[in-house]
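Okay, structure first, notes after.
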Amino acid sequence: MVDFFKFMLSLLKEPAIMVGLIAFIGLVVQKSDISTILKGTIKTVMGYLILGFGAGALIGALNNFSTIFTEAFGVSGVIPNNEAIVAIAQEAFGYEMALIMFFSFIVNIILARITPLKYIFLTGHHTMFMSMLVAVILSTAGIKGTILVALGSIIVGSLMVIMPAIAQKYTVKVMGTDQLAMGHFSTLSYVVSGYVGSKFGDTSKSTEDINVPKSLMFLRDTPVAIATTMILFFLLASVFAGSEFVESISGGQNWLVFTFMQSLIFAGGVYIVLQGVKMFIAEIVPAFKGISDKLVPGAKPALDCPMVFPMAPNAVLIGFLSSFAAGLLVMSIQGMMGWTVIVAGVVPHFFVGGASGVYGNAMGGLRGAILGSFTQGICISILPMLLLPVLGGLGLEATTFSDFDFGVVGLFLGWIVS
């Protein structure tokens, strides 16, 4: 019997098994057929494992880039990427993250049931990211075990109803309905962009009144955009570091070939991680959506940021370019000041900057889209730098959390537990 319990404990300490169990319970509660239960459980576990496979490629490319960047400019360069930092942290905190994620869904449902905040947060990967952030920060304060999971679940579950409510005034303006909400933990980016747009914009001229060059449409293909941007950054850093230095860490491979391949490996790693997250979330979210529909009448689904993209497609591209320009500006300032440089990453600036452009346009037209997304672009370039010391050992890695809410929540939570 003792051996049996040891065996069960060893299974539950495996994060992939744990998230599979979460999917299994959710599907059983909904009285799904055996085929659906098996498929959902297995695909959840596979998705989590695929996430880990992509992490290996990401870590290797990030380490090489950080080494070259430091040699080239004499400063440390950090790429903000939620998938990368979670993939790196899952080995140490994956079990706690899985439990917090599971119970935060329950807290979300309870709060939506008993409070006026009728929002069900359905962007599962951001729930996973926030659960990891909270687990890491609480653990740095020496909080462990049941207390860590309980506190983490309450914090994350509360954020899952509070954040959509904060942005709802602007989301209604964007979507034209009160029946949908923003379920993405860069809520404060959209609030800032909407506010700046409303104060300094001009609604008489919308972003949709202009034509976007077809030559820039490739930026909407995320893997291509990531690969292109990383090639530029890697190439720039390699040129300044010198071909001899690059070839000294490449095992003798030509520096240009090494630079090109590492950029594509990074983009491929991100793509693999994204696919793993998609498979993982595709099974987790339906398991809880059915439960929430039964338990919270009148609930409003809080969805991922791309839900706003069709509302103003031009604003998405304008918001991305404006946000990315802000990131490059902050990069140069950080370099000149000798601070840790937060590399302007395509993923946060495209998704968050693009959605911020839509919010800015809704509240202030073309000018609102440009100014709103630029302002939040500055914020998501500074906050990750401030967050690094709060992450403890993870702050030594060449990546960090990228979105606005992670920075604010992480800094606030870090200040409390300190």
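The values are calculated or read from the model by the stated rules, or taken from the named source; none is laboratory data. In this text, all values refer to a predicted model and were calculated from it rather than measured experimentally. Neighbour counts are summed over all protein chains in view; Cβ atoms, including those assigned to glycine, are modelled from backbone coordinates with ideal geometry. Protein only, heavy atoms only, side chains kept; ligands, DNA and RNA dropped before computing areas. Shrake-Rupley method; radii C 1.70, N 1.55, O 1.52, S 1.80 Å.
Quick notes on this one:
- The range 25-112 shape via C-alpha gyration tensor axes, a/c threshold 1.5: prolate
- Rounded if a/c under 1.5, otherwise prolate or oblate - the range 246-399, Cα gyration tensor axes: oblate
- Geometric descriptor of the range 123-256, per residue, is 229 Å³ (volume of the convex hull of the Cα atoms).
- For the chain: accessible area per residue (Å², 1.4 Å): 41
- Using a Förster distance of 30 Å, the FRET efficiency for Thr70-Val417 (Cβ separation, nearest 0.05): 0.50
- Label zone of Phe240 (point 7 Å out along Cα→Cβ, amide N under 19 Å): in the range 353-386 this covers 381-382, 385.
- Rounded to two decimals, the Cα-based Rg/Rh of the range 1-417, with Kirkwood Rh, is 0.98.
- At 1.002 mPa s and 20 °C, Stokes diffusion of the range 87-195 via Kirkwood alpha-carbon radius, µm² per second: 149
- Going by accessible surface with a 1.4 Å probe and the largest first, Trp255, Trp339 read Trp339, Trp255.
- Accessible-area composition of the chain, carbon plus sulfur, in percent [1.4 Å probe]: 69
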